[in-house]
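To start, the structure itself, in structure tokens.
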Amino acid sequence: MVRDLLLERAAVERGGDVTRQVCGSLGPAQDLCPLDCCPNPRSPLPTLGDLPERESV
């Protein structure tokens, strides 16, 4: 199962069209948290969603 998840994630990073595997009834989770997902009560910090898009190598 871990191998499958790693291969799925690698395919997503390469820009592949991936059918996400799930266990249970919650469905697949996003790769990056949305901007308002996990607020920091101590101080506002940037999230991955705030970062500019990476350029492909």
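Just to be sure I follow: if Rg is taken over the C-alpha atoms of the range 1-41 and Rh is the Kirkwood radius over the same atoms, what is Rg/Rh? Write out the running numbers ahead of the final one.
Details: Rg = 12.6 Å, Rh = 12.0 Å.
The Rg/Rh ratio comes out at 1.05.
Could you sort the peptides 6-14, 22-30 by per-residue average Cβ neighbour count (10 Å cutoff), highest mean leading?
Working: 6-14: 11.9, 22-30: 7.6.
Averaged packing, sorted descending, gives the order 6-14, 22-30.
Every read-out reported here was derived from the displayed coordinates using simple, explicitly stated rules and does not represent laboratory data. Source: prediction; values computed, not measured. Note that we place each Cβ from the backbone using ideal geometry, even for glycine, and neighbour counts take in every protein chain shown.
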